[in-house]
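Below is one structure; the comments refer to it alone.
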Amino acid sequence: MLKLSQMATAVALVVAGSAAMAGEVEVLHWWTSGGEAKSVAELKKIMQGKGHTWKDFAVAGGAGDNAMTVLKSRVVAGNPPAAAQIKGPAIQEWAAEGVLANLDATAKAEKWDSLLPKVVADIMKYKGNYVAAPVNVHRVNWMWANKAVLDKAGVKSTPKTWDEFFAAADKIKKAGLIPVAHGGQNWQDFTTFESVVLGVGGAKFYNDALVKLDQKALTSDTMKKSLETFRKIKGYIDPAAPGRDWNLATAMVIKGEAAFQFMGDWAKGEFAAAGKVPGKDYICAAAPGTANAYTFNVDSFAMFKLKDAGAQKAQGDLAASIMGTEFQEVFNLNKGSIPVRLNMKMDKFDDCAKLSAKDFVDTAKAGTLEPSIAHGMAVKPAAEGAIKDAVSQFWNDDKISVADGIKNIAKAAQAQ
Ligand code: GAL
């Protein structure tokens with residue numbers, strides 16, 4: 001039996017111990033749509049379950065442009081969050097600034113090297129050390145369709161080529177419905193654009209033009225055809241698209257106001273949050289001409305160097321939780337993506353996710369797995385931003401000729 005004074009000391013030790021072990025994590029992200037918010041809430045729950053305090057730092061704006069601007073000002077002010085959603089080559093740029101924490105201890109203990117596809121692990125490492133934890137794999141080259149709208153317009157099968165797509169779009173227009181739900185931000189234009197380039201030119205062309213930024217590919221006839229196809233799609237959107245958020249465009253397809261949307265599978269998170277079932281209420285199909293290729297978008301969190309021991313412990317727990325099986329399943333079920341961790345059971349996932357998982361593996365083998373340029377996976381942020389602007393200007397201004405559009409994009413690709 002402990003004496004009272006001994007007990008008091010023991011209690012004090014336990015309290016002090018847990019105070020040192022628990023910490024606050026401030027997490028910067030841009031997951032504010034219905035499906036996104038449900039997904040990130042799962043991470044919060046897991047962290048709270050470990051005794052940590054979650055400080056939500058959500059900056060609205062699809063694809064994270066606003067979030068990245070806010071992040072820069074916080075880091076410059078010497079007050080970084082504990083973790084931030086940072087992806088692709090941008091991870092390298094942040095790490096080169098010397099502000100990111102080394103996650104190797106967690107990665108080693110949790111065996112990340114054997115649990116991640118190499119293509120993903122490489123993105124998460126700076127000079128061989130892990131500096132970010134991957135969350136998921138989103139596929140970008142999807143086309144979403146409302147089944148009832150297709151039936152109503154007499155579209156018998158989901159279009160597999162761009163010619164079939166435009167034939168279907170004409171039928172939908174005739175039936176008095178909006179063929180394509182589109183929003184009004186440059187990254188949405190860019191998302192559609194990359195799927196068009198992939199569909200028109202194929203994976204090798206996509207890689208030459210939008211990953212290697214090869215000037216010959218960027219100024220080729222295939223790019224001309226891509227821009228012509230891209231512009232043609234604009235004829236099938238509604239006049240209220242400017243300024244519209246991506247999830248509101250998805251809602252148009254969910255409600256049967258529009259037939260199609262070109263968007264990554266975070267759109268599926270919106271269908272799921274609305275209780276819609278793939279195959280029955282809606283269709284997920286590869287964007288026309290892209291069934292044998294896959295543009296990937298891996299979300300990840302980087303941690304910033306912090307002095308407080310509790311905060312450091314919380315960061316380690318956050319990184320471990322992100323790669324844990326519990327989170328990988330529940331988060332991705334809500335988010336529309338697939339687990340990034342290898343060998344996860346897929347039985348709870350729907351057919352779209354199963355197709356994504358299969359195609360991820362198959363396209364990696366076939367050499368047609370490509371990083372998404374519109375979602376920060378393919379090139380450095382400066383070039384990405386410049387090309388995105390050029391593509392969006394072309395989309396929004398019909399007076400820019402295809403020849404000038406090509407020139408502008410090729411020039412933007414030289415941005416450092
Ligand atoms: C992407 C991000 C996704 C998704 C989308 C829209 O860039 O990787 O997780 O949420 O933006 O906000």
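Projected onto its three principal axes, the C-alpha set of region 260-401 covers 58, 40, 35 Å, listed from the longest axis down. Cross-link partners of residue 156 among lysines, defined as those whose alpha carbon lies under 17 angstrom from its own and excluding same-chain residues fewer than eight positions apart: 147, 171, 173, 174, 280.
In the neighborhood of residue 181, defined by Cβ-to-Cβ distances under 12 Å, what is the net charge if each Lys or Arg adds +1 and each Asp or Glu adds -1? Walk me through the numbers on the way to the answer.
Values: positive: 244, 255; negative: 238, 245, 257, 270.
Here the charged neighbours net out to -2.
Here residue 55 is the anchor, and the aspartates and glutamates within straight C-alpha reach of less than 16 Å, apart from those fewer than 8 places off in the same chain, are 24, 26, 42, 308, 317. Estimated at the nearest 10 Å², the accessible area of residue 263 is 0 Å² with a 1.4 Å probe.
Across region 25-35, coupling constants 3J(HN,Hα) worked out from phi with the 6.51/-1.76/1.60 Karplus curve, θ = phi - 60°, read 10, 9, 10, 8, 8, 10, 8, 10, 6, x, x Hz, and Gly and Pro carry x. Antiparallel beta bridges, as assigned by DSSP with both residues in the chain, represent about 60 percent of the total such bridges.
Centre-to-centre, using Cα atoms only, region 271-347 and region 221-250 are separated by 27 Å. Surface exposure of the chain, expressed per residue as accessible area with a 1.4 Å probe, stands at 42 Å².
Against the chain, whose longest principal axis comes from its Cα atoms, helix 309-323 is set at around 40 degrees. Here the accessible area is traced with a 1.4 Å probe on the protein chains. For the chain, carbon and sulfur cover 56 percent of it.
Heavy-atom accessible area with a 1.4 Å probe sorts 232, 118, largest first, into 118, 232. Comparing 363, 69, 158 in a Gaussian network model of the chain where C-alpha atoms under 10 Å apart are linked, the largest mean-square fluctuation is found at 69.
Would you tally the net charge around residue 98, using a Cβ to Cβ cut-off of less than 12 Å, leaving residue 98 out, and scoring K and R as +1, D and E as -1? For residues surrounding residue 98, the net value is 0. Return the whole-Å distance between the Cα centroid of region 355-401 and the Cα centroid of region 99-147. Distance between centres, Cα-based: 19 Å. Working from Cα pairs under 8 Å separated by at least six residues, relative contact order for the chain is 27 percent. The angle between the Cα long axis of helix 186-206 and the longest principal axis of the Cα atoms of the chain comes to about 70 degrees, rounded to the nearest 10.
The values are calculated or read from the model by the stated rules, or taken from the named source; none is laboratory data. Quantities reported herein were computed from a predicted structural model and do not represent experimental measurements. Ideal geometry is used to build each Cβ from the backbone, glycine not excepted, and the neighbour counts take in all protein chains shown. Remember, those area values only see protein heavy atoms, side chains included, never the ligands or the DNA or RNA. Shrake-Rupley method; radii C 1.70, N 1.55, O 1.52, S 1.80 Å.
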